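What follows is a single structure, written as structure tokens, with notes after it.
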């Protein structure tokens, strides 16, 4: 018996040892080859951390590594500084530092990256804490090595060779090609663990030996080392406050040179974050795609508090954070749809801080931000979707921010700010027209733009603006009602119906109108609107935007004549041909990736569309479509993200959908049910509460829901409310190979729409 017990104990220990850590499922190279547009970045960082680092150039197919940035201060943008190691002769030409590499000699994870720099056979290892990166260079030969650090823009370096330190700053003066009104200094401090054999600065004029200070554009420093029998260690810390603050980060976050200890510590931080959701069943590839998607949802927003302080470019001041971390960097046009609702579910404490940061940015700048980067509000898309993330959090019980001040800012933006994309500031005459007439006017074919505020490339986006702001106004109306602001409730409730002004019953699509109230003719729902459809839409056509009525699907069904024609048009969306050769189609709509008929899986305005059958009496079609889309467009490969990922924008769709539910209307505290790919999901809701989802008999074929229960009670509709799960819940789905066309079809039990009910 003792031997049996010992054997079982050893077997159990071996099983535990053999099990993967959750973070080991993450493959940051998924999506590294972009479909038409930007690839994903295999970032090394901690959840929502300021330090974010990856090899350059980005892209899985890049042949060489040119350098590593000090940090990427905004998603895909705002790269500051760069460093690289080489055993070639000292040079001021970055091309001389480049190195070929091979993915077979590369390891990528959220907390650790390693690669063999093949030019000199140098193994590089990398990990990162909240504000500091730690690189380790292991040499295979005894040849001297040169470490280069360079400003990407206009900055300075100070070398203290005696202390193995250097400090300085780099400037961010433009984002997306737009000059910033207030450029930002990003300070840095770097420390290395070996004495230099030589050092100096460089610029376009050459190398300057023993020089310990340089400033100007794209200047840098070189550090030479002859002792390459030992590994060379380098830490780089960044700060938005000062070089002194960066030095504090060096001392506090990774004070010694024990690389492996910090690597393991960062691994455990990621394990804890990703273990908020545990899954069983499915394939190994599906788990990899799932946890990689969840990892990407922690990329935004970014916590820029530093020891109780932060620098804000919304008023160009350093502030104390009063114990509440300050977050920036949010492309909310992408993230309001699913990323923020996901964090309301699994990270409500930080979600409260993020919204508090929005309110603070409003107080500092005078406007509620719509695209809050660390450099300031960058309104490159459309909508006042801060209203969505605030309403969604508030109606899910999240507090910790000033809701009255938040409402003030949302109302001011909606009534006083311009709606035009790529434009900050007060309303224009086009906005006044919208408020007076209930729709945003489009130019007639051949009519030249005469409003100077309209961006020359982004155009008016007339229909998209009306539809987006109708939803935003609904969010504000709901908040107004909750806050007993009856006049505001009536005003914004009326405005939330403006989407109806763009439905053209003659063609059955959302369509543009000119200022005289006449429909634009000719109009093609597939092809009209110019590049990206931007004269009328944004990155997509009317086949996408006709469904962009998140707050009132019942109202849209009514406009289309009822469930039967609504479902027929929705069916057609997924099979409708291009009408022109695909290459010509993509010449007009390069963002329309992941095409399934006219449905665009790779662009965020489409994400809720497959769930709309739940509103029209055919939830089994949602179940079938969701499974197909996940299987085709989200895979464990460099092609595995079918569009611009945008820091959780697409990934959160997969996380929700793989679990079997999705927030169609952020601001409504409920979730639509789809079809989970895992047989068991456990979600940590905080405070010791869990939601367990059991999908009995779940498999690739068994994707249809036969029956459902929530907390032991029959679930009659294809949705459930946030209040029913947040204190702990058990959702049981009985799955089968053929659809149950009666489950979830009772018209008494349909998800919320503005037209159906005045309450949640």
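What to note about this one:
- Degrees between helix 403-416 axis and first principal axis of the chain (Cα, 0 to 90, nearest 10): 70 degrees
- Rg followed by Dmax, in Å, when region 157-261 is reduced to its Cα trace: 15.4, 49
- Region 283-736 - Kirkwood radius from inverse mean 1/r over Cα pairs (Å): 22.5 Å
- Highest mean packing comes first when the peptides 333-341, 38-46, 164-172 are listed by Cβ atoms within 10 Å, giving 333-341, 38-46, 164-172.
- Degrees separating the helix 2-18 axis from the principal Cα axis of the chain, which is the longest one: 90 degrees
- Contact order relative to length of region 690-757, as percent, for alpha carbon pairs under 8 angstrom and 6 or more apart: 45 percent
- Equivalent-ellipsoid semi-axes of region 194-312, from the Cα gyration tensor, Å, largest first: 38, 20, 16
- Packing-based exposure ordering (other Cβ within 10 Å, fewest first) of 257, 422, 450: 450, 257, 422
- Here the residues 613, 187, ranked from fewest to most Cβ neighbours within 10 Å of their Cβ, fall in the order 187, 613.
- Kirkwood Rh in Å, taken over the chain so that all alpha-carbon pairs contribute: 27.3 Å
- Hydrodynamic radius (Kirkwood) for region 42-273, which is based on Cα pairs only, to one decimal in Å: 17.6 Å
- Over the chain, relative contact order from alpha-carbon pairs under 8 Å, at least 6 apart, %: 11 percent
- Remark: relative contact order (region 42-273) = 21 percent; criterion is Cα-Cα distance under 8 angstrom and separation of 6 or more residues.
- Counting only DSSP beta bridges whose two residues both lie in the chain, roughly 95 percent are antiparallel.
- Order of 360, 635, 546, 66 under a 10 Å beta carbon neighbour criterion, fewest first: 66, 635, 360, 546
Read the figures in this text as sums done on the coordinates, not as results from a lab. If you're wondering where the values come from, they're calculated on a predicted model, not measured in any experiment. Please note: Cβ atoms are built from the backbone with ideal geometry, for glycine as well, and neighbour counts cover all protein chains shown.
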